[in-house]
Amino acid sequence: MTAGPRETGGRSRPGRRAVLGAGGLAALAAGTAVLATAGARTPGDEREAAVGGAVAFHGPHQAGILTRRQSHAHLAAFDLAAPADAPGTGAGRAGAAGLLRTWSAAAARMTRGEPPVDGADDTGVALGAGPAALTVTFGLGPGFFDRAGLTAARPEALAPLPAFPDDELDPARGGGDLFVQVAADDPLVAVHALRTLQRLARGAASTRWVMSGFTRSAGGTHRNLMGQLDGTANPAAATDPAQRARILVTGSGSGSGSGSGVPGWLEGGSYVVVRRIRMLLDHWEGLPAQHREQAVGRRVADGAPLTGGTERTPVDLDAARPDGVPVIAANAHIRLAAPRGNAGATMLRRGWSYYDGPRPDGTPDAGLLFVAWQADPRTGFIPVQHRLARGDALARYVVHEASALFVVPRGAAEGEYVGQALLEA
């Protein structure tokens with residue numbers, strides 16, 4: 001069967017692998033490497049809540065990283081405004097601190113199911129909805145440190161991501177001085193929280209971009225729009241200290257780039273890579289189920305590896321058929337993305353699907369909002385993506401349209417705001 005062409009911008013162009021022949025199944029098999037792990041089931045942390053319950057805003061690390069993935073999410077980036085008395089300059093440390101102080105206070109109240117500002121009128125959008133497992137997570141982009149006069153404090157790991165083959169990035173949907181992840185089990189609660197933060201930012205920061213996604217509200221591993229179970233092999237960072245150390249910044253030099261230990265504001269923090277990955281569903285959906293399974297290395301029905309067992313059975317990457325051909329193709333997802341082939345690279349993925357209707361050419365504007373957390377992108381996302389870019393047959397069926405990297409400060413204790421240890425040092 002001949003694979004369909006990759007289409008971008010309303011035009012067709014041949015992919016890097018044009019035909020599925022004897023080696024074509026193996027070529028296609030690499031395809032889902034990013035996506036089938038991207039929308040991962042996330043283990044809970046000590047602030048875990050049942051569907052609709054409350055997740056505490058305050059803690060040693062920010063909620064929304066190790067927390068159970070909620071059904072609705074809005075990812076947004078903001079650019080800090082210049083002070084009125086100094087146009088053309090950065091926002092300054094005081095302005096940045098004021099915004100994060102206001103945001104943190106509002107987020108803490110909203111996660112308890114309360115109005116965002118004590119004693120102030122509210123729009124009433126979320127009245128009666130309860131906490132809805134709302135989490136609000138804040139990150140800092142490279143430009144934040146310049147605008148806040150903290151260039152010397154910017155971690156070395158917060159360097160621009162390298163260019164990867166087949167990226168077709170829209171600059172308007174990437175970057176930003178501040179990152180906000182708002183997630184909740186109730187769509188109105190999520191929208192209300194985002195709108196509140198936007199309203200409170202007026203005069204201090206402007207919205208750069210917003211991307212919205214969804215998934216199931218509860219249950220086991222969730223499926224993405226390609227029909228694959230997402231994130232079966234996600235690290236158990238909430239319960240395994242060794243895995244947690246790969247997701248949260250801890251210990252000397254981890255993610256700080258200083259060589260002299262992790263700064264206090266980052267200890268317990270993380271780094272997040274955000275990618276908007278459009279799926280070329282018209283072509284993917286026309287492939288036989290066998291092709292799609294070999295692309296991932298797992299069965300579609302239950303997520304079990306093609307080497308046998310159940311979804312949670314460890315995959316045997318050394319298994320071969322009687323003719324010597326590997327059961328898991330050389331460039332199948334679970335082989336290419338496995339820590340074994342990436343010097344132990346590990347990420348915790350909390351992706352959401354998105355569907356924004358038809359594009360001008362009639363194809364669906366749909367795919368995955370890939371959100372990956374790690375202690376250092378240089379040993380997490382970057383080596384894995386480099387490996388995928390060298391042999392990922394899914395490149396014919398996806399388009400990477402947006403990309404951003406942010407550092408996420410540690411959590412705020414009661415009475416503190418996120419980033420306080422950095423801004424008031």
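The values are calculated or read from the model by the stated rules, or taken from the named source; none is laboratory data. Only a predicted model underlies this, so the values are computations on that prediction, with no experimental measurement involved. Cβ sites come from the backbone with ideal geometry, for glycine too, and all protein chains shown count toward neighbours.
Table for the structure above
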| quantity | calculated |
| --- | --- |
| Residue match in region 308-320 (condition: closer than 29 Å to residue 268 by Cα and surrounded by fewer than 21 Cβ atoms within 10 Å (Cβ to Cβ)) | yes |
| Evaluation of residue 382 against (1) more than 30 Å from residue 107 (Cα to Cα); (2) aliphatic (A, V, I, L, M); (3) not in a helix (DSSP H, G or I) (one fails), failing number | (3) |
| Unmet criterion (only one of (1) closer than 22 Å to residue 178 by Cβ; (2) surrounded by 21 or more Cβ atoms within 10 Å (Cβ to Cβ); (3) in contact with a Gly (Cβ under 7 Å, 6 or more places away or on another chain); (4) of a type in the set (Gly, Ala, Ser)) for residue 412 | (3) |
| Within region 173-199, considering residues that are part of a helix (DSSP H, G or I) and under 18 Å from the mean Cα position of the chain (by Cα), the one farthest from residue 80 (Cα to Cα) | 190 |
| Selection within region 390-417 - at pLDDT 95 or above and in a loop (DSSP other than H, G, I, E, B) | 409, 410, 411, 412, 413, 414, 415, 416, 417 |
| Search result, residues across region 191-223 that are farther than 27 Å from residue 143 by Cβ and crowded, with 16+ Cβ neighbours inside 10 Å | 192, 214, 215, 217, 221, 222, 223 |
| Residues being crowded, with 20+ Cβ neighbours inside 10 Å and more than 30 Å from residue 422 (Cβ to Cβ) - total across region 268-286 | 5 |
| Selected residue (only one of 150, 127, 140, 75 is over 20 Å from residue 197 (Cα atoms) and out of contact with any Gly (no Cβ under 6 Å at 6 or more places or on another chain)) | 150 |
| Test result for residue 343, aliphatic (A, V, I, L, M), touching a residue at least 12 places away in the same chain (Cβ under 8 Å), on the phi > 0 side of the Ramachandran plot and surrounded by fewer than 21 Cβ atoms within 10 Å (Cβ to Cβ) | yes |
| Residues of region 287-305 classified as in contact (Cβ under 8 Å) with a residue 24 or more places away in the chain and surrounded by 13 or more Cβ atoms within 10 Å (Cβ to Cβ), total | 11 |
| Lone unmet requirement of (1) over 29 Å from residue 82 (Cα atoms); (2) in contact with a Ser or Thr (Cβ under 6 Å, 6 or more places away or on another chain); (3) free of Cβ contacts under 8 Å to residues at least 60 places away in the same chain for residue 163 | (2) |
| Cβ pairs under 9 Å, 6+ apart, first in region 69-90 and surrounded by 22 or more Cβ atoms within 10 Å (Cβ to Cβ) and in a loop (DSSP other than H, G, I, E, B), second at pLDDT 60 or above and polar (S, T, N, Q) | 69/215; 70/135; 70/215; 70/217 |
| Considering residues of region 148-190 that are charged (D, E, K, R) and in contact with a helix residue (DSSP H, G or I) (Cβ under 7 Å, 6 or more places away or on another chain) only, the residue surrounded by the most Cβ atoms within 10 Å (Cβ to Cβ) | 177 |
| Given (1) at pLDDT below 95; (2) under 22 Å from residue 171 (Cβ atoms); (3) surrounded by fewer than 24 Cβ atoms within 10 Å (Cβ to Cβ), number of the condition residue 387 does not satisfy | (2) |
| Options 216, 208; residue that is part of a strand (DSSP E or B) and in contact (Cβ under 8 Å) with a residue 12 or more places away in the chain | 208 |
| Hits in region 279-299 (condition: in a loop (DSSP other than H, G, I, E, B) and in contact with a Leu (Cβ under 8 Å, 6 or more places away or on another chain)) | 287, 297, 299 |
